[in-house]
1. Go through the stretch 183-197 residue by residue and tally those that are touching a helix residue (DSSP H, G or I) at 6+ places or on another chain (Cβ under 7 Å) and more than 13 Å from ligand 2 (Cβ to nearest atom).
2. Output the qualifying pairs, or none if there are none: Cβ atoms under 9 angstrom, residues six or more apart or on different chains, first residue in the stretch 70-93 and within 18 Å of ASP126 (Cα to Cα), second residue open to solvent by 70 Å² or more (accessible area, probe 1.4 Å).
3. Provide a single number: the residues in the stretch 217-232 that are under 10 Å from LYS333 (Cα atoms) and within 14 Å of ligand 1 (Cβ to nearest atom).
4. Please indicate, with yes or no, whether at least one residue in the stretch 233-251 is more than 16 Å from ligand 2 (Cβ to nearest atom) and free of Cβ contacts under 8 Å to residues at least 60 places away in the same chain.
5. Please go through the stretch 12-32 and give me each residue that is open to solvent by less than 10 Å² (accessible area, probe 1.4 Å) and out of contact with any Gly (no Cβ under 8 Å at 6 or more places or on another chain), ordered by number.
6. Please go through the stretch 189-202 and give me each residue that is under 16 Å from the mean Cα position of the chain (by Cα) and assigned to a loop (DSSP other than H, G, I, E, B), ordered by number.
7. Given the structure, is ALA140 open to solvent by less than 20 Å² (accessible area, probe 1.4 Å) and more than 23 Å from VAL7 (Cβ to Cβ)?
Amino acid sequence: MDTKIFVQKDIGERETEELAGIIRAGGLVAIPTETVYGLGANALDPEAVKKIFKVKGRPQDNPLIIHLSSEEEIKDYCLDIPDTAYVLARRFWPGPLTMVLKKRDIVPDETSSGLSTVGVRCPDNDVTRAVIRASGVPIAAPSANLSGKPSTTEFSHIMHDLYGKVDAMIDGGSCRVGLESTILDLTSEPPRLLRPGGLTVEQLEEAIGRIAIDDVVYRQLKDGEKPRAPGMKYRHYAPDASVILVRGDSAAAAEYINAHTDEHTAVMCFEGEESMYRAPRVEVYGSLQNMETLGEHLFSALRKLDTEDIDTIYARCPGESGIGLAVNNRLTKAAGYHIVEL
Ligand code: TXA
Ligand code: MG
């Protein structure tokens, strides 16, 4: 298939209409958001949604988030909306928060994978919101990576995974947050965090008080266990190289990693630690003093190392406060729970 490329800064009214036309006609468009790139289609069109699952190689039972252009649209697709949803939307939208609410029948089972709920989010990207508005329908979009692979946070990533498989792509440069949205289930009381992400627990609790944190955020699922967010049961974010997470202070980590290093080893570490490692490839992915930078570069570091001749990536992992919770969650999954505690 021919893939037409649009560059965000060159998109005016005419291009927005063209992109909206592709969505309305049931086509696929890779869209930039502040979190990660998405693989988008008309959320109300079962045939269009099926194409997303096919291209991504996504299991059918893993529901899609629908992207709205404003909080006014929540009522068009959701039912029994608690006031909390509006408090959160007003405070954090557009932004990296997905709210799980009871869905209206207009949202097809193909999109919600048969669940009675749907995740809604309003992305912080002007062009993407303009395309949603112009198309007149919400855009269903999972992260734009092929299933199981690290998420796509740079235009080069979607070129790699999706060129020739979608009708259009929008080059929006690097994604500012770099981690997917935080998913909060508002159908339970207190609201329950299903996936940590770009918006922190601290920010949520400051706005609405205590929330529950689903324990699968911290641990591996048991055999046959059904998580509340169906996606949690699949292997995720995994590069071709194996990833091993190393927790502990930097001196102990360096000693351990150096003792296990060969010519195909890479280290993903914090700024200032790089000279401690003797691995042939050391990738600084951000700073502990500014943990947002770790989130921002996590997936791009994994993807970059995957283009090199590397078998094993030792990754340093920050603490769980703030954005650190989401960084931990993604890294432990990328590592398939292979963790060294020092
Ligand atoms: O930042 C993001 O959220 C990105 C961008 C593109 O918006 N999207 C994204 O989608 O991360 P995806 O499909 O890669 O992850 C969505 C997660 C999956 O784990 C899925 O199971 C869960 O959200 N999910 C979707 N709808 C749900 C629902 N109704 N109830 C519980 N979990 C749901
Ligand atoms: Mg994903």
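The values are calculated or read from the model by the stated rules, or taken from the named source; none is laboratory data. On a predicted model such as this, the values are computed, not experimentally measured, just so you know. Cβ: placed from backbone, ideal geometry, glycine included. Neighbour counts: every protein chain shown. Areas reflect the complete protein model, heavy atoms only, side chains present, ligands, DNA and RNA absent. Shrake-Rupley method; radii C 1.70, N 1.55, O 1.52, S 1.80 Å.
1. Residues meeting the conditions: 5.
2. SER70/ARG133; GLU71/ARG90; ARG91/GLN203; PHE92/GLN203
3. 1
4. Step one: list which residues in the stretch 233-251 are more than 16 Å from ligand 2 (Cβ to nearest atom), which gives 240-251.
Remaining after also requiring free of Cβ contacts under 8 Å to residues at least 60 places away in the same chain: 251.
Scanning the stretch 233-251, I find at least one residue that is more than 16 Å from ligand 2 (Cβ to nearest atom) and free of Cβ contacts under 8 Å to residues at least 60 places away in the same chain, so the answer is yes.
5. Within the stretch 12-32, the first condition is being open to solvent by less than 10 Å² (accessible area, probe 1.4 Å), and the residues that meet it are 19-20, 23, 26-32.
Passing the criteria: LEU19, GLY26, GLY27.
6. Step one: filter the stretch 189-202 for residues under 16 Å from the mean Cα position of the chain (by Cα), giving 193-200.
Those that are under 16 Å from the mean Cα position of the chain (by Cα) and assigned to a loop (DSSP other than H, G, I, E, B): PRO196, GLY197, GLY198, LEU199, THR200.
7. Values: open to solvent by less than 20 Å² (accessible area, probe 1.4 Å): yes; more than 23 Å from VAL7 (Cβ to Cβ): yes.
Against the criterion (open to solvent by less than 20 Å² (accessible area, probe 1.4 Å) and more than 23 Å from VAL7 (Cβ to Cβ)), ALA140 qualifies.
Residues are listed down the side, and each one gets a yes or a no for (1) modelled with pLDDT of 95 or more; (2) surrounded by fewer than 16 Cβ atoms within 10 Å (Cβ to Cβ); (3) farther than 16 Å from ALA238 by Cα:
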{"site": "GLY272", "(1), (2), (3)": "yes, yes, yes"}
{"site": "TYR277", "(1), (2), (3)": "yes, no, yes"}
{"site": "VAL282", "(1), (2), (3)": "yes, no, yes"}
{"site": "GLY286", "(1), (2), (3)": "yes, no, yes"}
{"site": "MET291", "(1), (2), (3)": "yes, no, yes"}
{"site": "LYS304", "(1), (2), (3)": "yes, no, no"}
{"site": "ILE313", "(1), (2), (3)": "yes, no, no"}
